[in-house]
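Enquirer: I'd like to ask you about the structure that follows.
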Amino acid sequence: MSEQKTNNDIHWLTGQFRDWSDELKYRGSIEKRVRLETRLALIVVAVIFALFGITDYNLLGLTREYYLLLAMRITVVSSCLALAFIIGRWGGFAKSVWLHALPLWIVATGIVLIVPLRPESLLTQVTAIVVAIMAFYLLIPNLLTVSALASLFLSISFITAAVVFAGITLVGTITIGLLIIVANIVGYTALLRIEILQRKQFALLCEEREQNQHLQKEIAHRQSLEDQLRMAAELDALTGVDSRGHFMKRAKALLQRSSYEKAPFSLFMIDVDHFKRVNDTWGHTYGDRILTRIVDACQQSLRPNDIIGRFGGEEFVVGLPCTDEEAAQAIAKRIKDSVAAIELEGEMSNQRLSVTIGVAVASPDEDLDSVIMRADDKLYIGKREGRNRVVV
Ligand SMILES: Nc1nc2c(ncn2[C@@H]2O[C@H](COP(=O)(O)OP(=O)(O)OP(=O)(O)O)[C@@H](O)[C@H]2O)c(=O)[nH]1
């Protein structure tokens, strides 16, 4: 939500979101705090209301009015405490606002009932009314509309009770009325500003959260794109073995390590024999399938630490750490045999595939390019000598 939109979304008179679902979301977000603060406010109100019982006794003594006031105070205090308990357990602020409104009406009724019982202390009660109005707006957490209605009820009932039971003059009524109106205006505008500010803050927070979620999604999407790109760069799309670049990187590291550990490192260049014929006779799609089957056969003959990459076309390269000439020769022969054992389907079922393999064992401190070149030379010797062989 942009700031402009937030301003339009909040009602200027009630300070609430115009959209009901936004309002419910906001109320839900402050529910825990409102419950806690309402309970605290109710307990404080109950204690203050009870303490005023002492002044009742001083003023009235053990008279009928005193007992009536005492009964009223006990009712208000116990109602406040009961409500504090109920709100603590079931006071959902989002949907049960009426429950949160009850304390205001009970306290308002209690305050107004004091007037007929202690009409002579009207001046003290006017002060109490102003304090109560401010408390309704600012100290007892509630919605602006709820606080305003309860304050209005308190104000009108108090002035009526003052006129009827305390017999105040017209001037007195106007003075008290003005005082109460000012208290209501101050309380209302202060709470209105708070309500609007809190909702604006909430809207901004929601927007930030939304943006964060969007950003998280974007990051995840980019990460998956990066993974895909990396895979595309590192793996050969047809056979799934290392791409040439990635193989070179890994082989260099393995060769370096072998040289550091003074362990032998061997390398094969493998080329499929007469592959052009396969393509020309059965087409490229079939040729592709044959290539993947040859790679499978090679991989099955290798050990977990060996690495294989596609060097280009129908040529593959294998790096074998901790492998001396004898072991390399045995593994190369295993590869040659397993390629020869591939069973072909359909029209090619009577054909046999073969590969020629050039083997080179790295000399101490020899670099990868030089080992590859030597293996390549051996491969071409093998091709010249009739193919389908391992040349060391
Ligand atoms: N189907 C398919 N064919 C490929 C691919 N890459 C290279 N080739 C083919 O592999 C063939 C290689 O042909 P040549 O270099 O003449 O080698 P050859 O026919 O295998 O003969 P020798 O290597 O001398 O035994 C060409 O026909 C290329 O088109 C590929 O990814 N898929």
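The values are calculated or read from the model by the stated rules, or taken from the named source; none is laboratory data. Predicted model, so just to flag it, every value in this text is computed and none were measured. All Cβ positions, even for glycine, are placed from backbone atoms using ideal geometry, and neighbour counts span all protein chains on display.
Enquirer: Within segment 265-323, considering only strands (runs of 3 or more DSSP E) that don't extend past its boundaries, which have at least 3 residues that are within 45 Å of the chain's Cα centre (by Cα)?
Expert: On the way: elements: 265-272, 307-312, 315-321.
Filter on segment 265-323 gives 307-312.
Enquirer: Checking Lys276 against (1) within 16 Å of the ligand (Cβ to nearest atom); (2) in the same structural domain as Phe311 (by TED's automatic domain parsing); (3) crowded, with 19+ Cβ neighbours inside 10 Å: exactly one of these is not met. Which one?
Expert: Result: Lys276 passes all but (3).
Enquirer: Go through (1) more than 16 Å from the ligand (Cβ to nearest atom); (2) under 18 Å from Ser266 (Cα atoms); (3) in a helix (DSSP H, G or I) for Asp376 and report which single condition fails.
Expert: Condition not satisfied by Asp376: (1).
Enquirer: Kindly indicate whether any position in segment 63-77 is within 45 Å of the chain's Cα centre (by Cα), under 21 Å from Pro116 (Cβ atoms) and modelled with pLDDT of 95 or more.
Expert: Just the residues of segment 63-77 that are within 45 Å of the chain's Cα centre (by Cα), to begin with: 77.
Next, from what is left, pick out any that are under 21 Å from Pro116 (Cβ atoms): 77.
Then drop every residue that is not modelled with pLDDT of 95 or more, which leaves 77.
Within segment 63-77, one or more residues are within 45 Å of the chain's Cα centre (by Cα), under 21 Å from Pro116 (Cβ atoms) and modelled with pLDDT of 95 or more.
Enquirer: Let me ask something else about it. Considering (1) at pLDDT 95 or above; (2) more than 16 Å from the ligand (Cβ to nearest atom), say which one Thr239 fails and leave the rest.
Expert: With (1) at pLDDT 95 or above; (2) more than 16 Å from the ligand (Cβ to nearest atom) applied to Thr239, the lone miss is (2).
Enquirer: Continuing with the same structure: How many residues does segment 333-371 hold that are among the basic types (Lys, Arg) and buried (at least 17 other Cβ atoms within 10 Å of the Cβ)?
Expert: As a first pass, look at segment 333-371 and keep what is among the basic types (Lys, Arg): 333-334, 336, 352.
From what's left, buried (at least 17 other Cβ atoms within 10 Å of the Cβ): 336.
Residues in segment 333-371 being among the basic types (Lys, Arg) and buried (at least 17 other Cβ atoms within 10 Å of the Cβ): 1 in total.
Enquirer: Shifting gears a bit: Filter the helices (runs of 4 or more DSSP H) completely within segment 1-120 down to those with at least 3 residues that are surrounded by 19 or more Cβ atoms within 10 Å (Cβ to Cβ) and of a type in the set (D, E, K, R).
Expert: The qualifying helices (runs of 4 or more DSSP H) are 20-60.
Enquirer: Now, a different point. Within the set of pairs 6+ apart or on separate chains, which have a first residue in segment 175-195 that is over 13 Å from Phe158 (Cβ atoms) and at pLDDT 95 or above, a second that is loosely packed, with under 14 Cβ neighbours inside 10 Å and among the aliphatic types (A, V, I, L, M), and C-beta atoms under 9 Å apart?
Expert: Close Cβ pairs (under 9 Å, with a partner that is loosely packed, with under 14 Cβ neighbours inside 10 Å and among the aliphatic types (A, V, I, L, M)) amount to Leu192/Leu13.
Enquirer: I've got another one for you. Assigned by TED's automatic domain parsing to the domain that holds Pro364, within 16 Å of the ligand (Cβ to nearest atom) and under 21 Å from Leu255 (Cβ atoms) - does that describe any residue in segment 284-293?
Expert: Within segment 284-293 (the criterion being assigned by TED's automatic domain parsing to the domain that holds Pro364, within 16 Å of the ligand (Cβ to nearest atom) and under 21 Å from Leu255 (Cβ atoms)), the answer is no, since none of the residues qualifies.
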